[in-house]
Amino acid sequence: MFPSLLPNALQYLLASWLWSKDSLSHGPPTPLRFQLRHQHAVSNSSRIVFSDVHPGSSGFAAEEYGVSTRPVTVHRPASHERFFSSRFNSLISVPWDEAEVEGPNIHDRETLLTLAKMTSNAYTEPENSDWYDLGPGWQNRTYPFGWEPDADGFRGHVFATPDNSTIVISVKGTSAGWLVGGGGPTVKKDKLNDNLLFSCCCARVGPTWSTVCDCYEDSYKCDQGCLEKSLAEDSLFYSIGTNLFYNVTYMYPNSNIWLVGHSLGGSLASLIGVTFGAPAVAFEAPGEKMAARRLHLPSPPSVQHITHIYHTADPIPQGACTGVSSSCAIGGYALESKCHLGRVIRYDTVTQLRWPVDVRTHGIRVIVEKLLASDWDGGDGDDKNGTHKDVPDFYDEEDCVDCYSWEYGDYRNASLASCQLKGL
């Protein structure tokens, strides 16, 4: 434990030295240890703001929770300018740089549990009862940026190792009472992004629905150009997420950056991870592969640095919470996509644990307190050697197709069409 008067900079230096010495002494990689460093949000002027969280004197070097790592191959655009230019001009090719970085060990349950807790904390302010205590090294003093009635709604936290070698950005998902146990002023903007990113056509669930953009034609036909224009709005969460990543890389130019998120936040973490070649872990996220195509994100040679964690009792990541009488539709959400980027770890909680299919199992607290509370032993949890698995094997979403009953085309001549985005 450091003396209370020791300067913060010296605390970081000493903790970094102790961490590296410990790593050398024990051979295998020492789990990374993080502190909450910032809270990020978007001001009502659409500017990324950060609330600094200064490490306290007690428990700074005595972190009890760590995140184990594994080597991960990532592909990063050699030129961000060409990456974003190619989104709007298919003739522009994108060269990729391949690199091996330390990513989270997604086969280790304790690592997933810690990342899920980091993700959960983005939903709440630390003085609330549902703030998770992650140990003495995790500071829980912060400020309520992003929760004001006129705020944008995109918010989360930034965690860092003592030596700043690795940074974790967490992104808040949808704040809705029926999904995560609370609502709040961010609900309207969260719902708009959900319905744009994960619906087949502007949240056209039925004839009585008010859509979030005017791209619907008739009889399950949707104007593709109009959809893509609607998703290109600078005020939407993907654009804000890329600005956030640039801000964090400016503050930590030599750091390895990971992204984590739950639900909408998980899909955004994945899309940003694909954009910048950063490892990402998403919990219970709706399928974002369709959104990546509509955003015209250039496809890197591999997206194996993206990992999705979900379970079969949750209908949302499987695109099964659909139809006018579904819980999602009753709440005003059209979450119709099911295909994910990267790798998938799927817990079969329906078959193996007899969990009922229920949208209430979608919340991050269910993931923390039930799904990841113990090693996976759901009936098929033993490997061929008879030992328990920490987590299930990778699941192949083979033959996954989104919105197969819809037709998409250039019905309006997209270059001339005026596509209106509603709900802002």
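Read the figures in this text as sums done on the coordinates, not as results from a lab. Bear in mind the structure is a predicted one, so any value in this text is a computation, not a measurement. In this analysis, Cβ positions are derived from the backbone assuming ideal geometry, glycine residues included, and neighbour counts consider all displayed protein chains.
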The long-range amide H neighbours of V168, using H built 1.01 Å from N in the peptide plane and a cut-off of under 5 Å, are F159, A160, W258
Quick calc: nm separation of the 7 Å Cα→Cβ label points for H296 and C400 -> 2.5
Neighbours of L372 by Cβ distance under 14 Å: Lys/Arg at +1, Asp/Glu at -1, summed charge -2
Rounded to whole angstroms and listed largest first, the alpha-carbon spread of the range 293-350 along its three principal axes comes to 40, 30, 12
Bounding extents of the range 215-277 in its principal axis frame from Cα atoms, largest first in Å, are 51, 21, 17
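If R₀ is 25 angstrom, what is the calculated FRET efficiency for the pair Y250 and R82, using the beta carbon separation as r and rounding to 0.05?
0.80
Tell me the net charge near I306. Cut-off is 14 Å between Cβ atoms, I306 excluded, with +1 for each Lys or Arg and -1 for each Asp or Glu.
Values: positive: R76, K289, R343; negative: E288, E397.
Surrounding charge for I306 is +1.
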